[in-house]
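For reference, the structure discussed in these notes is given below.
Every number in this text was worked out from the coordinates using simple rules, so none of it is lab data. In this text the structure is predicted, and so the values were computed from the model without any measurement. Note that each Cβ is placed from the backbone with ideal geometry, even for glycine, and that neighbours are counted across all protein chains shown.
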Amino acid sequence: MEKYFKDKVVFITGSSKGIGKATALLFGSYGAKVCINGRNVDSLEETYSELKAKNVNCLQLPGDVSDSKTCSKLIGQIIDKYGKLDILINNAGVSSHGRVRDVTIGAWDRVVGINLMGPVYMTSYALPHLLETKGSIIFISTLAGKVGMPGHSTYSVSKMGLNALSVAMQVELEDTGLHTGIIYVGFTENEENKQILCPDGTYKKIPERNLKKSTREEVAKTVARTIYKKKKSVTISTLGKLQGVAVRFFPFVVKIILRKANRDYDNMYN
């Protein structure tokens with residue numbers, strides 16, 4: 001698998017920290033040419049320096065993926081630098097919470113802009129280049145992207161949209177040699193300063209949940225295997241797999257769980 005990624009040009013959005021950073025470090029260790037992106041210039045520079053210290057051929061691309069012009073510019077910079085693009089990993093995202101009646105339009109715009117329209121923009125501009133290389137496009141989703149979670153409607157909506165996009169692309173482009181995959185990530189270890197978008201559009205530190213979590217490095221390895229084996233859909237964690245079975249065969253159980261989550265919402269965020 002390591003040989004497969006050597007000299008591949010890989011663009012990972014939202015890669016200055018978290019899962020994106022772990023994925024950049026992993027692909028860099030495989031000998032890929034890694035393009036990293038983030039809104040926080042200081043965090044991006046730190047990750048870039050870490051990659052360079054490991055002798056990774058990399059390019060840092062600061063910018064907000066919710067802006068379509070920025071996405072076009074970033075793809076152009078990659079082509080100018082490397083002449084091609086082999087892999088696009090749509091990882092950039094923002095966590096959010098809030099009941100529908102409380103979420104402001106500004107918060108909706110922000111969450112959908114980053115989590116859904118960001119991948120749409122980036123995929124649209126990258127697609128011609130990825131068709132040339134018969135490369136891969138990966139969407140990083142979440143278990144909330146399979147079921148509308150009470151108290152997290154904005155987040156669920158934005159992530160469920162990625163499933164629709166991924167499935168449509170898999171059918172439309174199946175004869176082109178392009179691989180499209182979506183990964184549903186379960187609970188993953190957060191960095192200490194990770195924030196969540198509140199219903200009024202402000203940010204605060206994300207609450208800790210006492211649950212079994214995947215490490216960022218484990219998720220990064222799953223991303224690599226998904227691309228290498230050209231899998232169309234991967235769900236990480238036993239909980240996520242059980243969720244899929246419940247949604248399909250036991251919808252009444254899912255409804256009970258969602259009602260409990262709704263009752264527990266106030267204890268977690270208020």
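Observations on the structure shown:
- Multiplying the residue separation of THR202 and ASP109 by 0.36 nm and subtracting their alpha-carbon distance yields 32.2 nm.
- Percent of beta bridges antiparallel (DSSP, the chain, rounded to nearest 5): 10 percent
- Too-long pairs where the Cα-Cα distance tops 31 Å, listed order kept, from LYS21/LYS159; LYS6/LYS73; LYS81/LYS146; LYS3/LYS146: LYS81/LYS146; LYS3/LYS146
- Sorted on the mean count of surrounding Cβ atoms within 10 Å across their residues, most packed first, peptides 65-73, 23-31 read 23-31, 65-73.
- Close amide H contacts of ILE182 (hydrogens built in the peptide plane, cut-off under 5 Å, sequence separation of 5 or more or a different chain): PHE139, SER233, VAL234.
- Förster radius 41 Å - calculated FRET efficiency between ASN163 and LYS52 (Cβ-Cβ, nearest 0.05): 0.70
- Residues of segment 108-149 with amide N under 20 Å of the 7 Å Cα→Cβ point at ILE79: 118-138
- Among the listed pairs LYS8/LYS232; LYS17/LYS260; LYS205/LYS230; LYS33/LYS69; LYS229/LYS260, those beyond 30 Å (Cα-Cα): LYS17/LYS260; LYS205/LYS230; LYS229/LYS260
- Taking ILE12, ILE105, ILE87 in turn, the Gaussian network model of the chain (Cα-Cα springs below 10 Å) assigns the largest fluctuation to ILE105.
- Structure remark: mean-square fluctuation, Gaussian network model of the chain, C-alpha springs under 10 Å; the largest value among ARG259, ARG216, ARG101 belongs to ARG101.
- Cut-off 12 Å between beta-carbons: net charge of the residues surrounding ASP7, Lys and Arg +1, Asp and Glu -1: +3
- ³J(HN,Hα), Karplus 6.51/-1.76/1.60, whole Hz, each residue of segment 106-120, x for Gly, Pro: x, 5, 4, 4, 5, 5, 5, x, 7, 6, 10, 5, x, x, 4
- Taking amide hydrogens as placed 1.01 Å from N in the peptide plane, the amide H of TYR203 sits under 5 Å from those of CYS198, each at least 5 positions away in sequence or on another chain.
- Global geometry of segment 103-145, whether rounded, prolate or oblate, following the gyration tensor of its Cα atoms and the 1.5 cut on a/c: oblate
- Relative to the longest principal axis of the Cα atoms of the chain, the long axis of helix 238-249 lies at roughly 60 degrees.
- Stretch gain in nm, segment ASP175-LYS194, where the contour uses 0.36 nm per residue and the Cα spacing is subtracted: 2.8 nm
- A viscosity of 1.002 mPa s and a temperature of 20 °C, combined with the Kirkwood radius over Cα pairs in Stokes-Einstein, give a translational diffusion coefficient for segment 5-126 of 146 µm²/s.
- Checking (1) 186; (2) 174; (3) 126 against the coordinates, the calculated volume of the Cα convex hull per residue in Å³ falls under label (3).
- Karplus-derived HN-Hα couplings along segment 149-162 (A = 6.51, B = -1.76, C = 1.60, θ = phi - 60°), whole Hz, x at Gly and Pro: 8, x, x, 9, 4, 4, 5, 4, 4, 5, 7, 5, x, 5
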